[in-house]
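Comments concern the structure below.
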Amino acid sequence: MRARVGQRVPVVVQSRGRRRTGARVLWVCAETVVTCGVVVLLLVVHQLWWTNQQARAEAGRQVRVLEREWDISPPAESSGDSSGDSSGGVPEDVPESVEPSADSYAGGPVDAGTRAPTRPGAPDPPPSSSAAFAVLRIPRLGLTVPVAHGVSKRSVLDKGYAGHYPGTAAPGRTGNFALAGHRNTHGEPFRYINRLVKGDEISVRTRDATYTYRVDRILPRTAPRDVGVVRAVPRSIVRPSYGYDAPGAYLTLTTCTPEFSSAHRLVVWAKLVP
């Protein structure tokens, strides 16, 4: 049967509701992705830039405070030589040479600060403290940072300080004056210690004296628990070809490697200049 002339043919119109709902979902997803990206970017900026600004400012203030105090009230009997007779501004009950435990060695950003076991008859080391007692300078790197007791992230390393391993020697003394510092973020004082070469000078100033060390050896990579590198006579227990056999007055700098990773440790050894 033919349709009559002029008769309307019914047309079915598709609903646009589904299209609008799909577009709205895509829009919400896009906004979520952008928001997450902005948040991640802000976190990266905070970690890589803002923490450095804060820590460097704090470390710089501490250096100025220390040196101002030392200039105003020098020790009664100041000794400027580097023979190691001076206590270097460290309390007298700090042992000259104590074997550090594996728990106290980290070589980089860790939340440590545990006390190392002592030899029989040796005095107990003092508890970790965030009070700075020395100023470390590395001219090649243009670096000047305060040194504080302990290697706690929260109270020492995250302030941009170099941390003095519990149980290791005082500056200028026979033994191993071992320090840790961040490689990245929070002031990153040890970021470029991989650029040091044999013969570079490193100075450590305390209230009593300024001690000069000279870079001697570099261990480019070792395990995080290689406690041998911070012993009184430093020698790697992971890579025994690196280290020393005889007692001396050593300075050890440790940090994480590679950059932005804590998988391994970089170690720089220096010897006290007589």
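On full extension, the segment bounded by residue 217 and residue 260 gains 13.1 nm, given 0.36 nm per residue less the C-alpha separation.
Placing dummy labels 7 Å off each Cα toward the beta-carbon, the span from residue 241 to residue 73 is 5.3 nm. In this structure, the amide hydrogen of residue 257, modeled 1.01 Å from its nitrogen in the peptide plane, lies closer than 5 angstrom to those of 263, 264, 265, 266, counting only residues at least 5 positions away or on a different chain. Most simply put, the range 148-274 has about 75% antiparallel DSSP beta bridges, counting only bridges with both residues inside it.
Judged by the gyration tensor of its Cα atoms, with axes a ≥ b ≥ c, the range 138-203 is oblate; a/c meets the 1.5 cut and b/c is at least as large as a/b. One decimal place: the segment residue 195-residue 225 gains 8.5 nm when fully extended, by the rule 0.36 nm per residue minus the C-alpha distance.
Residues 190, 260, 133 in ascending order of nearby Cβ atoms (within 10 Å, fewest first): 260, 133, 190.
When you filter the trypsin sites (Lys or Arg not before Pro) in the range 178-274 for DSSP loop state and at most 16 other Cβ atoms inside 10 Å of their Cβ, you are left with 198, 225. For the range 135-274, just say rounded, prolate or oblate: build the C-alpha gyration tensor, square-root its eigenvalues into a ≥ b ≥ c, call rounded for a/c under 1.5, and beyond that prolate if a/b exceeds b/c, oblate if not. Taking the square roots of the gyration eigenvalues as a ≥ b ≥ c, the range 135-274 is rounded.
Each reported figure results from applying straightforward, stated rules to the coordinates on display, with no laboratory input. This one's a predicted model, so the numbers in the text were calculated from it and none came from an experiment. Every residue, glycine among them, receives a Cβ derived from its backbone with ideal geometry; neighbour counts consider all protein chains shown.
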